[in-house]
Amino acid sequence: RRVLVPASITLARLHHVIQAAFGWSGGHLHEFMAGDQRYGTASEYDMPGSVQSERTRFTAALQHAAAIDYVYDFGDNWRHRIKLEKTLPSDSQLNLPLCVGGANATPPDDCGGVYGYHEFVVAVADPNHPEHAEMAEWIGRPWDPAEFDIGRVNAWLSNIKV
């Protein structure tokens, strides 16, 4: 996904933007990493030595690395590389965050990581697969791994306050 966000966004708010851009619920632990520095939420689950993401701006974290890694759901271990592509002049006409590009469907939340997602896609695509009915019921709608609906992503993003 390619998403426009305000330059002042904190890592905590960026987490919510990423969740919305992927259509995920945000119900799992996450962390950001920039170089050797870790950023997490102010909770009992903080990793030792981590800095609170609620107090750290994305641009400040980028001073430690050219890109930031985002890990969501430590069980599924979804890893994302977040880059600042460019800084645009402020435009008060834009409602941020705003998705401006992307491709393919995102893995459903709680699908079991990369391998679970692969198994899910195979099962949903094959009506003769032994887990097809269970996976189709679980997802609750037709599933196309190549689908990308920027309007739906932006509708999800419209609920995020940055």
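The values are calculated or read from the model by the stated rules, or taken from the named source; none is laboratory data. Every value quoted in this text rests on a predicted model; they were computed, and no experiment measured them. Here the Cβ positions follow ideal geometry from the backbone for every residue, glycine too, while neighbour counts run over all protein chains shown. What goes into the accessible areas is simple: the full protein's heavy atoms, side chains included, and nothing from ligands, DNA or RNA. Shrake-Rupley method; radii C 1.70, N 1.55, O 1.52, S 1.80 Å.
I'm a student and want to see the number: the projected area of the Cα convex hull of region 1-80, averaged over all directions, in nm².
Mean projected area for region 1-80: 5.2 nm², to one decimal.
Simple spin-label model, 7 Å along Cα-to-Cβ: His129 to Ser158 in nm?
3.3 nm
With viscosity set to 0.890 mPa s and temperature to 25 °C, compute the Stokes-Einstein D of region 68-116, Rh being the Kirkwood radius across alpha carbon pairs; µm²/s, no decimals.
179 µm²/s
Please sort 124-135, 101-112 by packing, taking for each peptide the average over its residues of neighbouring beta carbons within 10 angstrom, highest first.
Result, highest mean Cβ count within 10 Å first: 101-112, 124-135.
What is the local net charge at Glu131, summed over the other residues whose Cβ is closer than 12 Å to its Cβ (Lys, Arg +1; Asp, Glu -1)?
Residues near Glu131 contribute -4 overall.
Report the convex hull volume per residue for region 114-160, counting only C-alpha atoms, in Å³.
About 97 Å³ per residue, rounded to a whole number.
With springs connecting C-alpha atoms under 10 Å apart, model the chain as a Gaussian network and identify which of Ser90, Ser53, Ser25 has the largest mean-square fluctuation.
Ser90
Would you mind calculating the relative contact order of region 1-123 from Cα pairs under 8 angstrom and at least 6 residues apart, reporting the percent as a whole number?
32 percent
Of Val114, Trp24, Gly151, which is farthest along the charge dipole of the chain in the positive direction, counting Lys and Arg as +1 and Asp and Glu as -1 at C-beta?
Gly151
Can you tell me the length gained on complete extension of the stretch Ala136 to Ser8, counting 0.36 nm per residue apart and subtracting the Cα distance?
Gain on extension, Ala136 to Ser8, equals 42.0 nm.
For the chain, modelled as a GNM with alpha-carbon contacts under 10 angstrom, which of Leu14, Leu29, Leu88 fluctuates the most?
Judging by the Gaussian network model, the answer is Leu88.
Considering only protein heavy atoms and a 1.4 Å probe, what is the carbon-and-sulfur percentage of the accessible area of the chain?
Answer for the chain: carbon and sulfur cover 50 percent of the accessible area.
Could you check the simple spin-label distance between Asp149 and Phe74, using points 7 Å along Cα→Cβ, in nm with one decimal?
If labels sit at Asp149 and Phe74, their model points lie 3.4 nm apart.
Give the ranking of Ile9, Ile160 by solvent-accessible surface, highest area first, calculated with a 1.4 Å probe.
The residues order as Ile160, Ile9, largest area first.
Could you give the spread of the C-alpha atoms of the chain along their three principal axes, from largest to smallest, in whole angstroms?
For the chain, the Cα spread along each principal axis is 51, 41, 24 Å.
Quick one: which residues, 5 or more positions from Arg38 or on another chain, have an amide H under 5 Å from its amide H? H modelled 1.01 Å from N in the peptide plane, none for Pro or chain starts.
Val51
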